[in-house]
Amino acid sequence: MTHASTVPAAAEAVPADRARIRPIGRGRRLPTSAVAALGLFVAARLCGCLVLAVVARPSDRRPLLLLGRSWDSVWYLRIASHGYGHTLHSRSGTGIHNDLAFFPLYPALIRGIGMLTPLDGMAAGLLVSWTAAAVAALGIHQVGRLLHGPSVATVLVVLWGLLPHSIVLSMGYTEPVLTAFAAWSLYAVLTRRWVWAGTLAALAGLSRPNGFAVAAAVLAAAVQEVWRMRGRVVPHRLWTGAALAPLGWGGYVLWVGRRRGDPLGGYFTVQRLWGSRFDFGVGSLQFAERMMLHGTRLHFPMALVIVAVGTVLFALLLADRAPLPLVVYSGLLLVVALGGSGFFESKPRFLLPAFPLLIVVAQALARTARARPWHAAVVASALAGFSFVYGAYLVVLARSPL
């Protein structure tokens, strides 16, 4: 099934199987399919955490501690408790890790919950992540439902919850927060709620470095809408939404730059000291070559496979004539993963928010479920088994940054 590059305007035909679908508005409740999708998503993540607990038990490692205080989570918790200003020299002595590389919204939410509740930092961080993951699942469902109906939307949510790195959605990381704001911002764009789209894009931009992709999607949709309306008065809400969208990401980057004495380049200097920079994929290709020649641990070739699959899925998304904002958003997340150097094993995590890449797969699996339910059940079970076991491996056994 194909569709136009934005949600159809009033003058455009709507396919029969989507004719009765209406966007959520004031006074409307979430559809039953959204509640069902959320239930399946929560069940998938609970099963993933249960498998992690089983794998962690022989080594006497506490599952909640693994979920709440692993790798980047420790940096966010420190920012939430003490603010910015912490640096750490890398073990190799080649760089200085500065906490200014971490965007502020997630630690601010942790600090806010800690002030309002008796929860400690780790518990507050997990509460934020789990809540954001649920909100993201609902937003993903609504985007899928708007474009392809409730069955595809439900499958889309389940697939997102069963990605190989979906264990991150249960951890004290920022991907759930970014995805929540991104999904609902894209939904607002597709339903032409421009101020909401811009506001949510600004918050997404405060969540993670690659959050700028949401603002870019909103701006691309706004430009497309202005072009479509050429010769007519453009509503002020569109201009307002477009102006709001880049404020979060741009504001933080400029704030870090000013603090570092280089307004435009300071933040990128901080990232380079971490070993992260955009080199058009040269570093990734060199790492892949070394990996092929000398071998390495499982999660490195898996990262290469996942990024390659993501590239294929993006090509399929283009072939499906997906709406422009979804293409821009997913494309930029993929470009960041492909073109950035450093932390090769983290690239699949960077792609977790790129849920539109799963739309074509969700359509195919939904068709299979209608025609051959047993085949779809086998595929879903295989995905679930791999996701749960691999997620436990990443957190408990890999001993490598996510």
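The values are calculated or read from the model by the stated rules, or taken from the named source; none is laboratory data. Here the structure is a predicted model, which means the values were calculated and not measured. A quick note on method: Cβ atoms are made from the backbone with ideal geometry, for glycine too, and the neighbour counts reach across all protein chains shown. Heavy atoms of the whole protein, side chains included, go into the accessibility calculation; ligands, DNA and RNA do not. Shrake-Rupley method; radii C 1.70, N 1.55, O 1.52, S 1.80 Å.
Points to keep in mind about this one:
- Of residues in the stretch 191-218 being open to solvent by 10 Å² or more (accessible area, probe 1.4 Å) and among the β-branched types (Val, Ile, Thr), the one nearest to residue 141 (Cα to Cα): 191
- Meets criteria (without any contact (Cβ under 8 Å) to a residue 24 or more places away in the chain and either under 23 Å from residue 394 (Cβ atoms) or among the β-branched types (Val, Ile, Thr) (or both)) for residue 327: no
- Screening 273, 203, 219, 186 for residues that are at pLDDT 95 or above and within 19 Å of residue 104 (Cβ to Cβ) leaves exactly one candidate, 203.
- Residue within the stretch 167-177 that is more than 18 Å from the chain's Cα centre (by Cα) and touching a residue at least 60 places away in the same chain (Cβ under 8 Å) present: no
- From 188, 221, 243, residue being open to solvent by 50 Å² or more (accessible area, probe 1.4 Å) and not acidic (Asp, Glu): 243
- Residues in the stretch 359-402 that are of a type outside the set (A, V, I, L, M) and open to solvent by 70 Å² or more (accessible area, probe 1.4 Å): 367, 370, 372, 373, 374, 375, 381, 386, 399.
- Residue satisfying all of: in the stretch 311-336; over 17 Å from residue 205 (Cα atoms) and either touching a Gly at 6+ places or on another chain (Cβ under 7 Å) or of a type in the set (Asp, Glu) (or both); least open to solvent (accessible area, probe 1.4 Å) among these: 320
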